[in-house]
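*Asks:* Got a structure here, written out as structure tokens. Questions coming.
Just so you know, all these numbers are worked out from the coordinates, no wet-lab data involved. None of these values were measured; they are calculated from a predicted model. FYI the Cβ positions are ideal-geometry reconstructions off the backbone, even for glycines, and counts take in every protein chain you see.
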Amino acid sequence: MNSTPLLQELSRRPLVCDGAMGTQLISRGLTGGECGMTWNVTRPGDVGGIHLAYRNAGCEIITTNSFGGTRFALQLHGLAGRVAELNRAAAQVARAASGEKGWVLGDVGPFGDFLEPVGDVSADELRTAFQSQIAALIEGGADAILIETMSDPAEAVVGIEAAKACSTTVPVIATYAFQKTAPGEFRTMMGTTAAAAMKYATGAGAEIVGANCGTGLSLDDYVKLAEQLVAAAGNARVIVQPNAGSPRTENGRTFYDATPEEMAATATRLLAAGVRIIGGCCGTTPAHLAAMSRAVRAAKS
Ligand SMILES: [Zn+2]
């Protein structure tokens, strides 16, 4: 683990975390049906290479390759029995790439279904599943746990509770995916506003809360969303990881067109809005993150 606690460093200065992992794995040969998490074991050099590219781009915080790491998500690949192994390996690979001066976020994505009563999974079952994943991420060397791309605040709360049950000292970050509704409000797919999403997460004990990914948000929208999150944050720190602009579809393929310069300008505005951790989501590359981390360093000095 990094010897300086993440929260302590954040009270001194803003930090930059990394960008997209999935598209980077695909560009190194991951195929459609393949589970990217197996690469933590079979191709650790490739996963570590992606982490290093972000590290060299100036990202002091990197995120483990473990988005679909609950037994529910791994089950789709017939890998439900390998939760501990694949998550521990994810954290170890990230830890090795990060070095002692960087921070590693143990990544936890949605379990992939709805909680009861809409779905079949109870909060207790999900909490147990999240705990198995998170315990392995911490064992592998994660400095903090990132519960990300949440739409249902109840799932976010269960994830935060699971992280708190695993460790009382490892900080918990929760990020939601928002979309813009017709009246121009930001809500998650489940209809939760930015202020309510913040309240659920901080109420469950998350120290850092914000937004990642999202649907149909322009770079301007991420800045407006950041302002709403900061206004509702209280003592919590705010994290925002925008996509590389709003996507465009062409012949069934999705393209994110924002340039590194546009992302850097957005990073400067997010910082001014009070965001404390800035990173990227879909469509972002080490080139985007390099420009963004230069902008964050320039804004501080
Ligand atoms: Zn995304």
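*Asks:* Report the local net charge at LEU10: Lys and Arg +1, Asp and Glu -1, summed over other residues whose C-beta lies under 10 Å from its C-beta.
*Replies:* After counting each charged neighbour, the total is +2.
*Asks:* Considering every pair of different Cα atoms, what Kirkwood radius, in Å, is found for region 64-154?
*Replies:* 13.3
*Asks:* Just for the Cα atoms in region 49-110, what are the lengths along the principal axes, largest first, rounded to whole Å?
*Replies:* 36, 18, 16
*Asks:* Continuing with the same structure: Using the C-alpha atoms of region 74-117, what convex hull volume per residue, in cubic angstrom, is computed?
*Replies:* Cα convex hull per residue, to the nearest whole number: 91 Å³.
*Asks:* Now, a different point. Of all the Cα-Cα pairs you can form in region 18-128, what percent are over 21 Å apart?
*Replies:* Of the Cα pairs, 37 percent sit more than 21 Å apart.
*Asks:* Which number comes out as Rg/Rh for the chain once both Rg and the Kirkwood Rh are worked out on C-alpha atoms?
*Replies:* That ratio equals 0.93.
*Asks:* Additional query: Under the 0.36 nm per residue contour assumption, what length would be gained going from the current alpha-carbon distance of THR259 and THR42 to full extension?
*Replies:* 74.8 nm
*Asks:* So how many Lys-Lys pairs in the chain land under 20 Å Cα to Cα, not counting same-chain pairs under 8 apart?
*Replies:* Close lysine pairs found across the chain: 5.
*Asks:* Looking only at region 60-215, where both bridge partners belong to it, what percent of the DSSP beta bridges are antiparallel (to the nearest 5)?
*Replies:* Restricted to region 60-215, the bridges split so that about 20 percent are antiparallel.
*Asks:* Let me ask another. Would you mind checking the radius of gyration and Dmax of region 127-285 based on alpha-carbon positions, in Å?
*Replies:* Here Rg and the maximum Cα pair distance are 15.6, 48 Å.
*Asks:* Oh, and also: Note down the magnitude of the dipole of region 66-178 about its Cα centre, charges +1 on Lys and Arg C-beta and -1 on Asp and Glu C-beta and zero elsewhere, to the nearest 20 debye.
*Replies:* With Lys and Arg at +1 and Asp and Glu at -1, about 420 debye.
*Asks:* Can you tell me the dipole magnitude for region 142-231 around its Cα centre, using point charges on the Cβ only (Lys, Arg +1; Asp, Glu -1), in Debye to the nearest 20?
*Replies:* Computed about the Cα centre, the dipole is about 140 debye.
*Asks:* If one computes P(r) from the Cα atoms of region 202-301, what percent of pairs lie at distances over 24 Å?
*Replies:* Of all Cα-Cα pairs in region 202-301, 21 percent lie more than 24 Å apart.
*Asks:* Can you tell me the length gained on complete extension of the stretch ALA84 to GLN8, counting 0.36 nm per residue apart and subtracting the Cα distance?
*Replies:* That pair, ALA84 and GLN8, stretches by 24.4 nm at full extension.
*Asks:* About the Cα centre of the chain, what is the dipole size in debye to 20, counting +1 per Lys and Arg Cβ and -1 per Asp and Glu Cβ, all else neutral?
*Replies:* Result for the chain is approximately 820 debye, rounded to the nearest 20.
*Asks:* State log₁₀ I(q)/I(0) for region 78-217 at q = 0.14, 0.15, 0.19, 0.20 Å⁻¹ as given by the Debye formula over alpha-carbon point scatterers of equal weight, solvent excluded.
*Replies:* -0.64, -0.73, -1.09, -1.18
*Asks:* Of the listed peptides 250-262, 46-58, what is their order by residue-averaged count of other C-beta atoms within 10 Å, with the highest listed first?
*Replies:* Top of the packing list down: 46-58, 250-262.
*Asks:* Let me check I've understood the local charge: for GLY29, count other residues with C-beta under 15 angstrom from its C-beta, Lys and Arg +1, Asp and Glu -1. What total comes out?
*Replies:* 0
*Asks:* Then there's this: Provide the percentage of antiparallel DSSP beta bridges, counting only those with both residues in the chain; round to the nearest 5.
*Replies:* 20
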